[in-house]
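First the structure, in the form of structure tokens, and then the observations on it.
The values are calculated or read from the model by the stated rules, or taken from the named source; none is laboratory data. If you're wondering where the values come from, they're calculated on a predicted model, not measured in any experiment. Positions of Cβ are backbone-derived with ideal geometry, glycine not excepted, and every protein chain shown enters the neighbour counts.
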Number of protein chains: 2
Amino acid sequence: MTFSREIRLKSRPQGQPSLDNFEIVSVKLPPPGSGQIQVRNRLMSVDPYMRGRLFAKNAINPQSRPFEIGAALTGTAMGEVMASNNPAFKVGDLVKSQYGWREAYNASANELTSVTPDGLPLEAYMAAAGPIGLTAYVGLMRAAAINPGNVVFVSAAAGAVGATACQIAKLQGCKVIASAGGPAKIRFLKEELGVDEAIDYKAIPDLTAALHHAAPDGIDVYFDNVGGNHLEAALEVLRPRGRIALCGLISGYADPDISSGPRNMIRMITKSLMMMGFEVFDHMDMAPAYHDALKGWHARGRFKWVHTFRDGLASAPEALFAVYRGENLGKMLVRL
Amino acid sequence: MTFSREIRLKSRPQGQPSLDNFEIVSVKLPPPGSGQIQVRNRLMSVDPYMRGRLFAKNAINPQSRPFEIGAALTGTAMGEVMASNNPAFKVGDLVKSQYGWREAYNASANELTSVTPDGLPLEAYMAAAGPIGLTAYVGLMRAAAINPGNVVFVSAAAGAVGATACQIAKLQGCKVIASAGGPAKIRFLKEELGVDEAIDYKAIPDLTAALHHAAPDGIDVYFDNVGGNHLEAALEVLRPRGRIALCGLISGYADPDISSGPRNMIRMITKSLMMMGFEVFDHMDMAPAYHDALKGWHARGRFKWVHTFRDGLASAPEALFAVYRGENLGKMLVRL
């Protein structure tokens, strides 16, 4: 008999989530049933949106339905097939699923996506080589339609999407201004990713002034992972006919009830700005072109794989808090 | 010796503007100088943005620079050439200028634009056949890219831009949902302009609910003349991949310091929405096509000219207040 440990939501947080809201439970895992596949997870993803799902009220979209109390949490995970009663999967295959937050599981074939490594690091398929990286690509290439020579501002630039966006924009010949919180991230952005300017928003009193200083002639494109005061600052500094790709609103995830829109929406009109929100799953047609580009950059040593790892299932709740404390560089992954 | 009366800003308003903030003064008008043209105004425009210019602090854009105390206000006006020392203009020509708020003036040629009537009512050239109408056309056809069958929501729909937008959208085969304040406007929108649904936002407690009710399957396009709660409601009711043309933010003109952006910007992402601000003067390339279309609609009796008139220069300040009290249907014009 196989056992699997899983992390369950024990209670809903009152205010800040704490470890007390979670419990780790060992459950028996029966052999896979007819047509089923048994998978042992190797990597699981910890994402900003998961925090909102800990709370009862939050139904901005299906992805943000509350986690159930007493049940294992869910999320993207990559694992290896251990046993299979389905001809489509064989032992040793790599698969992705939404069965994160647990060590092993049985699933039907339609719950699994095959991963066929093609020369990139395994963890890349959970980040830059998956929907996360494609999000950066779609936002820059389609929503904001960057051109070589554009000045591109990227917020939350040391995060999973942001670090990919900075690199793609640089590779496309843009000048990149990145914002992030804290000296370690600023150093990383400048020294590792090679951005042109990096703004430590935690160390400055006035983000708009800092952005003006970093881009004296204005910016052409804002890749928004944050919303809030970052969006307001970008609206001030964007050049006429500038473009905004709206990718995430971390400031809003934290507490949708108190989020407020930018007060200077009038700039949209006075500067003829364009703003486009997007969900990567509407743009999967771009995936092949992006993957080809990524392999090319990798082959020429032009792309940095950026991940932050935690080890062991028990570290997952703390890893989620760390994402909110802004401690990750690139994608936060838990190795199981 | 010719005299001209003009309206000057006597003092800046503290709170709501009142007639005490204006004075009407009679000034001597010398004969036109060398190269100059003397014009007597026939119609002058009273526009929402003028209210902001009464106040000292307000420099959102050049058009919103404060009016000077002790000087005549300015604004679009149409007049007739009375005397000319310039071969480009002859007596009887119709011209537009920014010399509104006065009965007559001398100007140089580069301050005047010729108006050549081509079969439309004279006042049309101050409204639907000028930049105001083109604003509606550009917003719908380019910024929002409407298609036949789209459900289009227009706010401030009984105003100068809004009434034109409603008609163009209907003529393009769209379903039109219009919002305005008060039963007279609702009646006008339904009976005169033939919109499909009209929402009296002053008579309902919940604009989002009313919009959902008017468009149970959602809207494809929002033509925004208002901002504020209208924009929030539209963000709720827009269908995935919907488009917003940002044309005006009346709620923001009134007091830019307290204006706040929509709290539900997250919808931009979850529904992959596109928002485009625009200034009509960036899109003058569309003017010929629009004017041709307008003449065609007029010839076939398909377009209603909508204006509200006041008579005499002295009525202009009150006309401006009336625009803010929402008493105008279509463009507010003062006949001089």
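A few points about this structure:
- When A:Met126 is tested against (1) aliphatic (A, V, I, L, M); (2) buried (at least 24 other Cβ atoms within 10 Å of the Cβ); (3) closer than 18 Å to A:Met275 by Cβ, exactly one condition is not met: (3).
- Scope the range A:319-336; condition of a type outside the set (Gly, Ala, Ser) and either over 20 Å from A:Tyr49 (Cα atoms) or touching a strand residue (DSSP E or B) at 6+ places or on another chain (Cβ under 7 Å) (or both); matching residues: A:Val323, A:Asn328, A:Leu329, A:Lys331, A:Met332, A:Leu333, A:Val334, A:Arg335, A:Leu336
- Checking each residue in the range B:208-249 for being under 19 Å from B:Tyr324 (Cβ atoms) and within 11 Å of another protein chain (Cβ to nearest Cβ) picks out B:Asp224, B:Asn225, B:Gly227, B:Gly228, B:Cys247, B:Gly248, B:Leu249.
- Here the condition is being surrounded by fewer than 24 Cβ atoms within 10 Å (Cβ to Cβ) and either more than 26 Å from B:Lys295 (Cβ to Cβ) or not assigned by TED's automatic domain parsing to the domain that holds B:Pro48 (or both); of B:Asn225, B:Asn229, it holds for B:Asn229 alone.
- Restricting A:Met50, A:Met44 to those that are touching a Gly at 6+ places or on another chain (Cβ under 8 Å), of a type in the set (A, V, I, L, M) and at pLDDT 95 or above reduces the list to A:Met44.
Per-residue answers, yes or no, for (1) of a type in the set (Asp, Glu); (2) surrounded by fewer than 20 Cβ atoms within 10 Å (Cβ to Cβ); (3) over 17 Å from the mean Cα position of the chain (by Cα):
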site: B:Gly261; (1), (2), (3): no, no, yes
site: B:Ile266; (1), (2), (3): no, no, yes
site: B:Phe281; (1), (2), (3): no, yes, no
site: B:Lys304; (1), (2), (3): no, yes, no
site: B:Thr308; (1), (2), (3): no, yes, no
site: B:Ala314; (1), (2), (3): no, yes, yes
site: B:Phe321; (1), (2), (3): no, yes, no
site: B:Lys331; (1), (2), (3): no, no, no
site: B:Val334; (1), (2), (3): no, no, no
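- Qualifying residue in the range A:214-223 (condition: at pLDDT below 95 and either over 12 Å from A:Ala157 (Cα atoms) or within 23 Å of the chain's Cα centre (by Cα) (or both)): no
- All conditions in (1) of a type in the set (Lys, Arg); (2) in the same structural domain as B:Val226 (by TED's automatic domain parsing); (3) crowded, with 20+ Cβ neighbours inside 10 Å hold for B:Arg142, with the sole exception of (3).
- Residue in the range A:18-36 that is of a type in the set (Lys, Arg) and closer than 23 Å to A:Lys96 by Cβ present: no
- Against the conditions (1) among the basic types (Lys, Arg); (2) surrounded by fewer than 17 Cβ atoms within 10 Å (Cβ to Cβ); (3) under 14 Å from the mean Cα position of the chain (by Cα), B:Lys295 satisfies every one except (3).
- Residue check for A:Leu313: in contact with a helix residue (DSSP H, G or I) (Cβ under 7 Å, 6 or more places away or on another chain), of a type outside the set (Gly, Ala, Ser) and assigned by TED's automatic domain parsing to the domain that holds A:Asn21: no
- Residue satisfying all of: in the range B:145-173; touching a Gly at 6+ places or on another chain (Cβ under 7 Å) and surrounded by fewer than 22 Cβ atoms within 10 Å (Cβ to Cβ); farthest from B:Gly296 (Cα to Cα) among these: B:Gly149
- Residue that is farthest from the other protein chains (Cβ to nearest Cβ), among those in the range A:55-74 that are modelled with pLDDT under 95 and closer than 23 Å to A:Gly130 by Cα: A:Arg65
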